[in-house]
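Working notes, beginning with the structure itself.
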Amino acid sequence: MTKYIKETALHLCLLINAASISLQGLLLGEIVDTLTKLNGSLFCEKLIWFFVTILLGMLSGIISRKLICSLTGEKIKTIRKSIFHFDLRSKEKYEISDYTTNTDMIYSNVLLAKWNIFSCAYAVVFAIIAMIRVNFILLIVGMLLSFSPLLVMKAMGNTVQRKVNAYMENVQEYQSYVIERLDGKHEINQYRITDMCEKEHEQKAQILEQKRQKMKEVSNYTNILNETFGNISFFAVMGVGGYLVLRGMVSAGGIITVIQLMNYTVEPLINIANFLKEKKGCDTIAEKFDRKEKEGVAYPEITGAQVTEPQEISVDNLSFSYDNQDMILKNLSVTFERGKKYLIRGESGTGKSTLGELLEGGLTPTGGTVKINNQDISKFSDGYIYQYVRKVNQKAYVYSASIGENIKFLRNVPEEEVQKALKDVSLQHLDSGQLATEASGGEQERITIARSLIDPPGIVIYDEPTAALDEKNSYQIMEKITELNSTVICISHNTSKEVENLFDEVLTLSK
């Protein structure tokens, strides 16, 4: 069923549901009038029709809820897909809450709210039509006061938005603080500052709770005002209705009908006001998701075959600094020739890892250019560079899957190639079905290297590939790296003469 057909069917079900509820209100008044007239047969007839409208409302309600769940579920799936597409390709820092809390808020306060607003609006329209049938004066009195909740929403909307924004900003700050402290708990324990850290956390948590309370206070005040104005509406209808009954302008059943239908004018209008308030509170998140969806289109799928032949990569007058501070690299020019193996070494802070990031396009040079086969990589479309370059980072990346799956890395790799790669990095003793996350740090590092040995592109860059390994394993790994057909650039701060002899050229960076 297409989205258009589902939405059309949903609107139809909501209309039927709203109509059946208003019919129940009319029938309830007519049932009361038949009782006052002691008309048993008419009473039974009205009672049967009343039961039919109950069944009709139940059936249309079930179908409409099912369709709402289907439509909103499909939209949430599309949202998650688009933000993951964006986050996977963008250099912008991702927020994990976009995939959990924020999407849940969009689901409840935007997507569900949209259809709930339609449902409430249809209920109001049919209730008004039914009340016109009873008495126009009662309708006017009821409707004039029924719109008061919307006026409250209009008056309080900006205040609610400010409080919600202030709370959400503080939530982000608090999350960042907790992550930062818990990631550094080893250092905190070593320096024996846990008590001071807990006091600091208590202050942060208190500020967060104060922001939450202020947000809830404004929300509660708004809800109380909405409810108060709703009750005033019922009071006015009772007063005016009683007067009209005494004047013979409306029956007692008509008053019952109007009071019943007021539930489907006042309450839905209050609900619409609340839905709009909640939706407004999600404007910031919705705008961010819309931006990611639109900008994500600019990150096309990476097409084209991977280039496996050795490639030339060069830097010309390359300079780089973070935030316009001291230059880490200055006027560096070097050509890494096709198929040759290069070792880049130097002390900490000389820009070895920075050079590696510049070569793979992860950083933008402050000055100069990086070229592959004399083509400036800054002219490449997003992701295109990875047809030529692969970089194995210093920090091993393994995920919650088997060692074999981590080496295959969602690629169609035969099991025999996995076993060969494990042997190449001296991990043949490990079961490829074992969880990679249960391996030691050194083993995880070798798993990522084994992954890189399968189907390598024309240029492979290794950043400290043997930092967590002993001398024997370091040599074996370096030997396998230098046997690749690709142009290999290996960054290391500490290597033996025996390892250096494996490379065609050693480049030393200095401060």
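The values are calculated or read from the model by the stated rules, or taken from the named source; none is laboratory data. This one's a predicted model, so the numbers in the text were calculated from it and none came from an experiment. Counting neighbours? That spans all protein chains shown, and the Cβs are built from the backbone with ideal geometry, glycine included.
How many residues are within 35 Å of the chain's Cα centre (by Cα) and within 22 Å of Thr308 (Cβ to Cβ) if we restrict to segment 334-361?
Total satisfying the criteria: 4.
Find the residue count for segment 454-511, including only residues that are part of a strand (DSSP E or B) and farther than 18 Å from Ile313 by Cβ. Break it down into steps so the answer makes sense when it comes.
Start the filter on segment 454-511 by keeping residues that are part of a strand (DSSP E or B), which leaves 459-463, 487-491, 505-509.
Narrowing further to those that are farther than 18 Å from Ile313 by Cβ: 508.
Looking only at that region, the number is 1.
Please go through segment 377-413 and give me each residue that is closer than 20 Å to Ile489 by Cα, out of contact with any strand residue (DSSP E or B) (no Cβ under 8 Å at 6 or more places or on another chain) and among the hydroxyl-bearing types (Ser, Thr, Tyr), ordered by number.
Tyr384, Tyr386, Tyr397
Given Gly57, Gly25, Gly61, which one is assigned to a helix (DSSP H, G or I) and at pLDDT below 90? Write out each step before concluding.
On the way: Gly57 fails: at pLDDT below 90; Gly61 fails: at pLDDT below 90.
From the options Gly57, Gly25, Gly61, the qualifying one is Gly25.
With Leu244, Leu261 as the choices, which residue is closer than 21 Å to Ala123 by Cβ and either polar (S, T, N, Q) or more than 37 Å from the chain's Cα centre (by Cα) (or both)?
On the way: Leu244 fails: closer than 21 Å to Ala123 by Cβ.
The conditions single out Leu261.
When the residues of segment 259-286 are filtered to those that are polar (S, T, N, Q) and part of a helix (DSSP H, G or I), which remaining residue is surrounded by the fewest Cβ atoms within 10 Å (Cβ to Cβ)?
Of the residues in segment 259-286, the ones polar (S, T, N, Q) are 260, 263, 265, 271, 274, 284.
Those still in the list that are part of a helix (DSSP H, G or I) too: 260, 271, 274, 284.
Working: Gln260: 20, Asn271: 19, Asn274: 19, Thr284: 15.
Among residues in segment 259-286 that are polar (S, T, N, Q) and part of a helix (DSSP H, G or I), the one surrounded by the fewest Cβ atoms within 10 Å (Cβ to Cβ) is Thr284.
Can you run down the residue pairs with Cβ atoms below 6 Å, 6 or more apart or on separate chains, where the first is in segment 164-185 and touching a residue at least 60 places away in the same chain (Cβ under 8 Å) and the partner is assigned to a helix (DSSP H, G or I)?
Val164/Met215; Val164/Gly281
Determine the pairs where a residue that is not assigned by TED's automatic domain parsing to the domain that holds Leu10, located within segment 105-130, has a partner that is not in a helix (DSSP H, G or I) with Cβ atoms under 6 Å apart, the partner being 6 or more residues away or on another chain.
Nothing qualifies.
Only residues that are in a helix (DSSP H, G or I), without any contact (Cβ under 8 Å) to a residue 40 or more places away in the chain, closer than 29 Å to Thr335 by Cα and not basic (Lys, Arg): list them for segment 369-422, please.
Ile377, Ser378, Ile385
Which of the residues spanning segment 76-104 are in contact (Cβ under 8 Å) with a residue 24 or more places away in the chain and of a type in the set (S, T, N, Q)?
Ser82, Ser90, Ser97, Asn102, Thr103
For segment 202-222, give me each residue that is of a type outside the set (A, V, I, L, M, F, W, C) and touching a helix residue (DSSP H, G or I) at 6+ places or on another chain (Cβ under 7 Å). If you could, list the steps in order and put the result at the bottom.
Keep residues of segment 202-222 that are of a type outside the set (A, V, I, L, M, F, W, C), which gives 202-204, 206, 209-214, 216-217, 219-222.
If the condition is that a residue be of a type outside the set (A, V, I, L, M, F, W, C) and touching a helix residue (DSSP H, G or I) at 6+ places or on another chain (Cβ under 7 Å), then Lys204, Lys211, Arg212, Lys214, Ser219, Thr222 are the ones that fit.
Would it be correct to say that Phe229 is part of a helix (DSSP H, G or I) and closer than 30 Å to Arg133 by Cβ?
Yes.
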